[in-house]
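One structure is given below, encoded as structure tokens.
The values are calculated or read from the model by the stated rules, or taken from the named source; none is laboratory data. Predicted, not measured: the structure shown is a model, and the values here were computed from it. Counting neighbours? That spans all protein chains shown, and the Cβs are built from the backbone with ideal geometry, glycine included. For accessibility, only protein heavy atoms count, side chains too; no ligands or nucleic acids. Shrake-Rupley method; radii C 1.70, N 1.55, O 1.52, S 1.80 Å.
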Amino acid sequence: MKIYTNENNTATLKLLIAAKLAGKDVELLKGTHEESPGPAVLPRLEVHEELSFFSSNAAVQYLFPVLDLSQNGQCLQMLEWEATRLYPVVSTVLTSKTVSSELKEALNTSLLIADNLLAKHQYILGDKLSPVDVSIFSTLYPLCCTDLKDTYLKEYSHVLRWSGDIGNSEAVQEAVKQWGGSPNSPPSASSLLGTPQVVIQTPTGSPDEVPEKLSAEELEMARDNFLNGINKLQPPLKREGVVLPDKDRRNVLITSALPYVNNVPHLGNIIGCVLSADIFSRYCRLCGFNTLFVCGTDEYGTATETKALEEGVTPRQICDKYFAIHDAVYRWFNIDFDYFGRTSTEQQTRIAQDLFKKLNANGFVSKQTVEQLYCEKCDRFLADRFVEGTCPHPGCLYDNARGDQCDKCGKLINAVELREARCKVCSSSPAVRNSDQLFIELPQLEPSLRSWASRAEAGWSGPARAVLRAWMRDKLRCRAVTRDLKWGVPVPITGFENKVFYVWFDAPIGYLSITECATGNYEKWWKRSPDYDVKLYQFMAKDNVPFHVIMFPATVIGVNEGHLLVDHIYATEYLNYEDTKFSKSRGVGVFGTDARDTGIPSDVWRFYLAMIRPETSDSSFSWADLATRNNSELLNNLGNFCHRSLSFCYSSFSAAVPDTQLAHTDLEIIAGVNRDVVAYVQHLERGRLRDALRHVLRVSRAGNLYMQDTQPWALLKGGTQDRVKAATTIGVCCELVALLAALLAPYMPDTSKRLCTQLNIDQSELRINPTEPCMVRFLGPGHTINKPEPLFTKIEQQTVDELRRKYAGTQADRQKSNGDCKKLSVAELEAAISAQGEKVRKLKSSTKDKAVWQPEVDVLLALKKQLTLAHTHADQQTGSAAELERAVAEQGDKVRKLKASTKDKTVWQPEVNKLLALKKQLAEHTDRQTGNHSPGSVEQLEKAIAEQGDKVRKLKASTKDKSVWQPEVNVLLDLKKQLTALQANK
């Protein structure tokens, strides 16, 4: 084997170390990029004439493969992290004349990730050396083994220990010697880094493909757009009433995969589906597109029945419970649905049955007798998720696979193929029996499906295309659309009355039925029209892709009534948790309710999840990384620039934005920022939310450098020309803050709103021109701003350690250790009822169509029922007063700390509200326990009656719907009864 390389290339060191560790001989030869038969890359490993490796990490894996196959996925993930995150920042540090604070922060972030991994194990992936160690060690060699060790690594003891262990091994020292270094005398760092391991060639049309030097035309356009561009923006689109397609605007229909109602959504679910879709929908509204964003809970199927059995309730009760939990979580995360519905509705039944009848009439449904597992002890056929066993696929054999899919290898399974199958309910071994089922004839629909997919996939993300191609390698087979269950949409065919639709068939139809609930006319959005065009964007994790690119498209193609087929699918890979996987079914990871309870603002969570969104490969959530990004990218970069700029304007220019007399250097900063705005739009249009956010941070970083280079504080002390320059700098910086408020709006809506308050501008005035993205003057000379306040607070290391400990293990473990079988609290339910009541009132005022608002009324009534049960449960609990007192004390402490850290009321007021709600709960609990026989209770009841009476009058004035205000009337009558009884006793 031969390695072609150039001088001092640390990537070559990777290959040599891997070869030495594997006991393989390699010949080191000088090479150039021009000689390379493939990509312009050095080093290049040539195994023989027909096999060469141009990626150094791929070559390392070939020479020194990972031995534990279960670590293969994590190995690939860490190698990608090394290539895309660690190597670029290390190479930039080594080749920069001066290392900026931002660059140091980026390096520290990467080193902290490595140090945290090494704190748990001897090596990166565990207790055995792997290709990841070889790759990362070689990249860090110029820092670990040179005069830079004390400068950059002294705080990372685990990295130092690990690098010393590897560097002292005989194989590594031989590799260093062959590479040209000296194992015994550390070289100078500046002499180590040669030509990068990859010469990056940006694909044509990439948003990041920009010329290095700003052209005269760009500078002139920057001036014109800055001064006049606001006149080119479309008027803001008002969100009033029912949203239907508009022939005069770009119509965008957005869905996110319907979350299943068997648990609280975890962070992987949130970024893979609803948060990604929310960011994109907010961007669309920012651009003035006519946008409808719908989602809802997926409520039918075996998982619901299983959960209902576990909790000893009905499937409907499970759905009501978890719908409220999901709704509350998404509200806290600021997910701005146009409509959040559910699939257990009359509309869902009607539309699903109608589509099935047409599919059947067109000849694409057949009846087949199939073998199914039957549990004799439970006396019923077992649906897929009621069965567990050993995965039948060779090389996997996971012993906890489900009857429909293996969580470990990801492959689909027929339940009868499971080895050592067991009933999930009673754990007995099921028998195989025959059952008649209805199937969709996918082989007949395959030619049309392939023709459509070959045209459509150009608009999909890489993970979505990969899933499609994997499915299309083989011929499609018929797939069952019915199941032997009770909870689901009934099958409208004679002889199948006791069966329901299989959830894969039913769930995607939920998009249509939820749109029907939202608008009263789903066909306006879901059927093509000659009068207007609608583009469909769908967001999901990759495990949902087959149902959106194979199953559901085949259904509507078979129906053949012009239904909309997806234009853009933006699927993600998986988000992992620290050193393991998120698991909704096993309760591993951080869940939506956990994120809320940390006290970290929802905007910080939105920002971090977008920054680690697994767009092209799996990524990992890390508490340390969350804190580092908050402290460096939000607090020190973005927050520092905004606060600095506005504070300077407020104090030095009497809060009035100064006029700008743009010089060449000012136009350069504006033109450079325009490139980032263009890239921001192009990335978002392609579903690359993470990359778009990176350009937002580049804007604030450019602003910091601009202010630092110009130093307006010094110019104000100079002559007239210097003071004009200082004023121009601050004027441009204030406009940059306004631009950042616009660019941040999709990602961090609360932060954007707070910036708008400080800027004294209505948030609706912030728009983007998607056809000519650029920086415009939102404020203008003389515009008066309000007093600036800091946007972010530091997350301390102590907090990181506490959160990591708190959320270790599974939900069940945490509940057991805390003695907490926690459900939605009374305060949470009251908040949800208030929000839902407002939603009902708005819907009823916008339309008289009962089909639109009745599902929301049902949700409101279900929440009120839960609140009644929660009060009853509280009465039955012992020691709950002590728990409430502890909760009040903890919340009070939290409020005090928040108020001490910021004067911004929008930051701490929500926590004050929670404190007041807890105090109210404590008072009510005390009254219930004492039977209201305490001194002064008559006065308390009279006051409560007055308040409740006022509440009832307001509700009756706002709506004639008795179902909305009758529960409050009942509360009022009950209070009056209490007062009468108490007065009689006295």
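Run the numbers on segment 693-791 and let me know its relative contact order in percent, using alpha-carbon pairs under 8 Å that are six or more apart. Walk me through the intermediate numbers first.
Values: 85 pairs, mean separation 23.1, N = 99.
Result for segment 693-791 is 23 percent.
Tell me the label-point distance for the pair Asn400, Thr720, using the 7 Å Cα-to-Cβ offset, in nm and rounded to one decimal.
Inter-label distance under the simple model: 7.8 nm.
Taking amide hydrogens as modeled 1.01 Å from N in the peptide plane, which residues meet the under 5 Å criterion relative to Asp298, leaving out close sequence neighbours?
Tyr260, Val261
Averaged per residue, what accessible area in Å² does segment 637-682 show with a 1.4 Å probe, protein chains only?
On the way: 1550 Å² over 46 residues.
Computed with neighbouring chains in place, this is 34 Å² per residue.
Return the sequence-ordered ³J(HN,Hα) values of segment 54-64 in whole Hz as given by the Karplus equation 6.51 cos²θ - 1.76 cosθ + 1.60 applied to θ = phi - 60°, using x for Gly and Pro.
9, 9, 5, 5, 5, 5, 4, 5, 5, 6, 9
What residues have an amide H closer than 5 Å to that of Val365, excluding those fewer than 5 places away on the same chain, when H is modeled at 1.01 Å from N in the peptide plane?
Excluding prolines and chain starts, which carry no amide H, the hits are Glu441.
Report the extension gain between Ala216 and Cys426 in nm, rounded to one decimal, defined as 0.36 nm multiplied by the number of residues separating them, less their alpha carbon distance. Could you put the intermediate results ahead of the total?
Details: separation 210, 0.36 × 210 = 75.60 nm, distance 7.57 nm.
This chain segment gains 68.0 nm when fully extended.
Arg380's amide H: which non-local residues (gap 5+, or another chain) put their own amide H closer than 5 Å, with H modeled 1.01 Å from N in plane and none for Pro or chain starts?
The list, which skips near neighbours in sequence, is Cys375.
Quick one: what are the phi-derived ³J(HN,Hα) couplings along segment 938-945, Karplus 6.51/-1.76/1.60 with θ = phi - 60°, whole Hz, x for glycine and proline?
4, 4, 5, 5, 4, 5, 5, 5
Average projected area of the Cα convex hull of segment 266-336, in nm²?
5.4 nm²
What is segment 557-700 by shape, rounded, prolate or oblate, if you read a ≥ b ≥ c off the alpha carbon gyration tensor as root eigenvalues and call it rounded for a/c under 1.5, prolate for a/b larger than b/c, and oblate otherwise?
On the way: a/c = 2.64, a/b = 1.44, b/c = 1.83.
Taking the square roots of the gyration eigenvalues as a ≥ b ≥ c, segment 557-700 is oblate.
In Å², and per residue, what accessible area does segment 711-791 have when probed at 1.4 Å with the other protein chains present?
Values: 2860 Å² over 81 residues.
I get 35 Å² per residue for segment 711-791.
For the cross-link pairs Lys486/Lys842; Lys806/Lys864; Lys839/Lys899; Lys914/Lys954; Lys238/Lys954, which exceed 29 Å when the distance is taken from alpha carbon to alpha carbon? List each step's numbers first, then the result.
Details: Lys486/Lys842 35 Å; Lys806/Lys864 31 Å; Lys839/Lys899 31 Å; Lys914/Lys954 24 Å; Lys238/Lys954 27 Å.
Checking Cα-Cα distances, Lys486/Lys842; Lys806/Lys864; Lys839/Lys899 exceed 29 Å.
Hey, can you rank 383-389, 239-245 by average C-beta count inside 10 Å, highest first?
The peptides rank, most packed first, as 383-389, 239-245.
Taking θ = phi - 60°, what integer Hz values does the Karplus form 6.51 cos²θ - 1.76 cosθ + 1.60 yield along segment 374-383, in sequence order, with x for Gly and Pro?
The phi angles translate into 10, 8, 6, 5, 8, 6, 6, 5, 9, 5 Hz.
What is the extension gain from Glu371 to Ser52, computed as 0.36 nm multiplied by their sequence separation minus the C-alpha to C-alpha distance, in nm to one decimal?
110.0 nm
Please find the FRET efficiency linking His121 to Lys806, where r is the Cβ-Cβ separation and R0 is fixed at 22 Å, and quote it to the nearest 0.05. Mind dumping the intermediate values first?
On the way: r = 22 Å, r/R0 = 1.00.
FRET efficiency, His121 to Lys806: 0.50.
From the mean inverse distance of alpha carbon pairs (Kirkwood) and the Cα radius of gyration, derive Rg over Rh for segment 237-383.
Result: Rg/Rh = 1.06.
Per residue, how much accessible area does segment 474-562 have with a 1.4 Å probe, in Å²? Please report the intermediate quantities before stating the final value.
Numbers: 3260 Å² over 89 residues.
Each residue of segment 474-562 exposes 37 Å² on average to a 1.4 Å probe.
Which length gain, in nm to one decimal place, applies between Asn760 and Arg469 when the Cα-Cα distance is subtracted from 0.36 nm times their residue separation? If you can, show how the numbers build up before the last one.
Numbers: separation 291, 0.36 × 291 = 104.76 nm, distance 5.13 nm.
So the chain would gain 99.6 nm between Asn760 and Arg469.
Run the numbers on segment 722-766 and let me know its relative contact order in percent, using alpha-carbon pairs under 8 Å that are six or more apart.
31 percent
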